1. Identify, from the list Glu340, Glu350, Glu282, the residue that is more than 30 Å from Asp429 (Cα to Cα) and more than 16 Å from the ligand (Cβ to nearest atom).
2. Mind listing whichever residues of region 462-502 are aliphatic (A, V, I, L, M) and open to solvent by less than 50 Å² (accessible area, probe 1.4 Å)?
3. Here are some residues: Glu89, Glu40. Which one is modelled with pLDDT of 95 or more and open to solvent by 30 Å² or more (accessible area, probe 1.4 Å)?
4. Among the residues in region 244-260, are any open to solvent by 10 Å² or more (accessible area, probe 1.4 Å), out of contact with any Phe, Trp or Tyr (no Cβ under 8 Å at 6 or more places or on another chain) and at pLDDT below 95?
5. Does Gly236 satisfy being among the small types (Gly, Ala, Ser), open to solvent by less than 10 Å² (accessible area, probe 1.4 Å), farther than 21 Å from Glu100 by Cβ and within 14 Å of the ligand (Cβ to nearest atom)?
6. Can you confirm whether Ala225 is in a helix (DSSP H, G or I), open to solvent by 10 Å² or more (accessible area, probe 1.4 Å) and within 10 Å of the ligand (Cβ to nearest atom)?
7. How many residues are open to solvent by less than 40 Å² (accessible area, probe 1.4 Å) and away from the ligand (no atom under 14 Å from the Cβ) when one looks only at region 261-274?
8. On the given criteria, is Glu374 at pLDDT below 95 and more than 16 Å from the ligand (Cβ to nearest atom)?
Amino acid sequence: MTFKPHGKHLIAGNWIGGGATFRNQPASGEASSFSMGTVELVEQACKAAEEAFWSFGYSSRASRADFLNAIADEIEARAVDITAIGCQETGLPEARLNGERARTTGQLRLFAKVVAEGDYLDQRRDAALPDRQPLPRPDLRLIQQPVGPVAVFGASNFPLAFSVAGGDTAAAFAAGCPVVVKGHTSHPGTSEIVAEAVHAAIEKFGVAPGVFSLVQGGRRDVGTALVQHPMIKAVGFTGSLGGGRALFDLCASRPEPIPFFGELGSVNPMFVLPHALKARAEAIARGWATSMTGSAGQLCTNPGIAVVPEGADGDSFVASVAGALKSIGPQTMLTSGMAEAYRSGKARFETRNSVKAVHTSESAGRNASPNLYEVSMNTFLDDHTLAEEVFGPLSLVVRAPSAESLLLLAKSFVGQLTATLHMDTEDTDLARRLMPILTRKAGRVLVNGYPTGVEVVKSMVHGGPYPASTNFGATSVGTMSIRRFLRPVCFQNMPEELLPVA
Ligand code: NAP
């Protein structure tokens, strides 16, 4: 690897270091030192973002499309170094980092295409009716406008696709909003090299430098100052329920409240219906084991709970999952803290008599290995903590005594990113009864698949009722995510020459 982090923040085109430092904790290789974020840096970045908005927010769609494509090019130009530092810092395998980089640049290029085409503006027009009685109607046009500077919190579990130049940043730039990123403390070197790529694209196109800043973390007050800064008009966040809720509350209690688009926790329940279970328990079990343990289970769409009918077919399904998990060894987690949190989450299951351990394994240090538990419907319904996410490769089977109980269990879940049905044609009547419940609970409902692997397309919804997200009218993945950073403005009797450039 040739890239060696210098440990500075990028504030409106200037690399700024100094002051207190923190060290990253790479899963392999040497640790590096990084300048800690400060409230003063947040202030500088937000002021520069507001200044930049007066040009970037009113720039042509073609120029923003070129800018997004240039960021993708600059990321690809640093591909080898990005993968190397990303693997080092997160412990994720090389293939995953390469795939995530392709997803990140593909996302930027897709958004460039959408911006160039202009449909995202959702333009509407009601032509004037000068002869209408008793009063004439004026000419009315609706055009979406960018909201202003956006704060983005880099996610720990997607160091590229949900971080510095990830989905939130791409969506904000597409809309015409400058971005101030709060880098995630677990991968500051990866954040730095991606910020270099954005910086290079800014210089290439002569974009106002305040359009992008990266303030590294290390201190809690960086995030709180950022969401409370009066120049910030919206926030994109992926992370924990606790952190997301704290920041959401800060946004709501500002003198000028702003939208907080938080993508938080989810257990993504999976319902295995009786005929599918009888026909292909083994195949569904193997698929589930692979999906729940991919990326060490550190995916927001990890299917953490399976609702499975009681009886012999269900028993053989549970045995097959346990068998498949036996061959999956320990994997490195994103941070030691997360590995500790995983073990604490596991302890919650171990200490309950009513919870049956189906497959357990011990792990130490920054590693996590799979664990599977089983409970009855009544135990699950009596203890809501069993329905809380354990971040990592831990899953729970809930046994349903009847078809009616599947409906009852479905109703018991809080908001989810996804819900999955495994079904055969003979299960259609039961599935039809589950659908109104599942569509009310989840942002994406899928059949005979696994929710991990989120397509970046126009019809994707990655969001859902609270606590899956804090803004259930929105998605953080796919082209509709651009809408989060736009605000509808109606133009009445406006001469063409005064309408927005868009
Ligand atoms: P996190 O703790 O929520 O942190 C995410 C970001 O928010 C970080 O930049 C963090 O800054 C900031 N933050 C958190 N709480 C804050 C507060 N009260 N005030 C100001 N800033 C705050 O998430 P994480 O570090 O990614 O992972 C921790 C846990 O979150 C995991 O163990 C897992 O349970 C969950 N998680 C879930 C998902 C998901 O998709 N469902 C994804 C990732 C993580 P600091 O640098 O100051 O901490």
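1. Among Glu340, Glu350, Glu282, only Glu350 is more than 30 Å from Asp429 (Cα to Cα) and more than 16 Å from the ligand (Cβ to nearest atom).
2. Ala468, Ala474, Val477, Ile482, Leu486, Val489, Leu499, Ala502
3. The match here is Glu40.
4. Scanning region 244-260, I find no residue that is open to solvent by 10 Å² or more (accessible area, probe 1.4 Å), out of contact with any Phe, Trp or Tyr (no Cβ under 8 Å at 6 or more places or on another chain) and at pLDDT below 95, so the answer is no.
5. Considered against the rule, which asks whether it is among the small types (Gly, Ala, Ser), open to solvent by less than 10 Å² (accessible area, probe 1.4 Å), farther than 21 Å from Glu100 by Cβ and within 14 Å of the ligand (Cβ to nearest atom), Gly236 comes out as no.
6. Taking the combined requirement at face value, the residue satisfies it.
7. 5
8. Taking the combined requirement at face value, the residue does not satisfy it.
The values are calculated or read from the model by the stated rules, or taken from the named source; none is laboratory data. In this text, all values refer to a predicted model and were calculated from it rather than measured experimentally. When we count neighbours, we look across all protein chains shown, and the Cβ atoms used for this are built from the backbone with ideal geometry, even at glycine. With ligands, DNA and RNA removed, areas are computed over all heavy atoms of the protein, side chains included. Shrake-Rupley method; radii C 1.70, N 1.55, O 1.52, S 1.80 Å.
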